[in-house]
Amino acid sequence: MATITLFHGSPYESVTPEYGLGNDKHDYGRGFYLTKSVELAKEWAVCRPDESNGWVHQYELNTNGLRIIAQYGIDTSGYDIIKGWRANASYFYIAKEFVRDNVDVDILEELLSLGGLGIQYCVKTAKAYRQLREVPDGLLSVSYS
């Protein structure tokens, strides 16, 4: 059994992932977004204009039998999970500087990867939701400061 540990940042102490929810305007549309990086999840947890504290929820995902896509520009409708870059203003800034020839192609990938902080997982199908379990003692409180 292949199980991966993932984190979800939220302003809420209690979170219940539900198939079909989410925002169509997010990076990969509706789904439940997670990351392997606890630091990125902490950022998501406090990413609110009211400067309130947040929570990081730890999950384990059994990937057996799931189709995970990590490519771009293709039809994603047949996949259970999408693994890919997150949309973020810093990435658009880097891309803009690359186009202006202010960033060398040799360091472009390194800048975009930011140590892996730019990768997120989007749980898309009911099957994948059924295979996602929160780790009971994996809840972290995150101070806005």
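In terms of solvent-accessible area of protein heavy atoms at a 1.4 angstrom probe, what is the ranking of 142, 38, highest value first? Display every interim value, and only then the final one.
Details: 142 10, 38 45 Å².
In descending accessible area the options line up as 38, 142.
Measuring only protein heavy atoms, the 1.4 Å probe finds residue 106 accessible over about 130 Å².
For every other residue with a beta carbon closer than 11 angstrom to the beta carbon of residue 65, add +1 if it is Lys or Arg and -1 if Asp or Glu, then tell me the sum. Show your work: numbers first, answer last.
On the way: positive: 67, 127, 130; negative: 80.
Here the count lands on +2.
Between residue 126 and residue 98, what's the calculated FRET efficiency when r is the beta-carbon distance and R0 is 30 Å? Round to 0.05. Walk me through the numbers on the way to the answer.
Details: r = 39 Å, r/R0 = 1.30.
Efficiency computed from Cβ-Cβ geometry: 0.15.
Solvent exposure of region 1-78 amounts to 60 Å² per residue of accessible area, where only protein heavy atoms count and the probe is 1.4 Å.
For region 122-136, putting each phi into the Karplus relation 6.51 cos²θ - 1.76 cosθ + 1.60 with θ = phi - 60° gives couplings of 10, 7, 10, 10, 4, 4, 5, 4, 5, 9, 9, 10, 6, 7, x Hz, in residue order, rounded to whole numbers and with x for Gly and Pro. Among the GluC sites (Glu not before Pro) in region 1-45, those placed in a DSSP loop whose Cβ has at most 10 other Cβ atoms within 10 Å are 18.
The values are calculated or read from the model by the stated rules, or taken from the named source; none is laboratory data. Computed from a predicted model, the values in this text were never measured in an experiment. For neighbour counting, all protein chains shown are included, and Cβ atoms are generated from backbone atoms with ideal geometry for every residue, glycine included. Accessible surface is based on the protein model in full, side chains and every heavy atom, while ligands, DNA and RNA are left aside. Shrake-Rupley method; radii C 1.70, N 1.55, O 1.52, S 1.80 Å.
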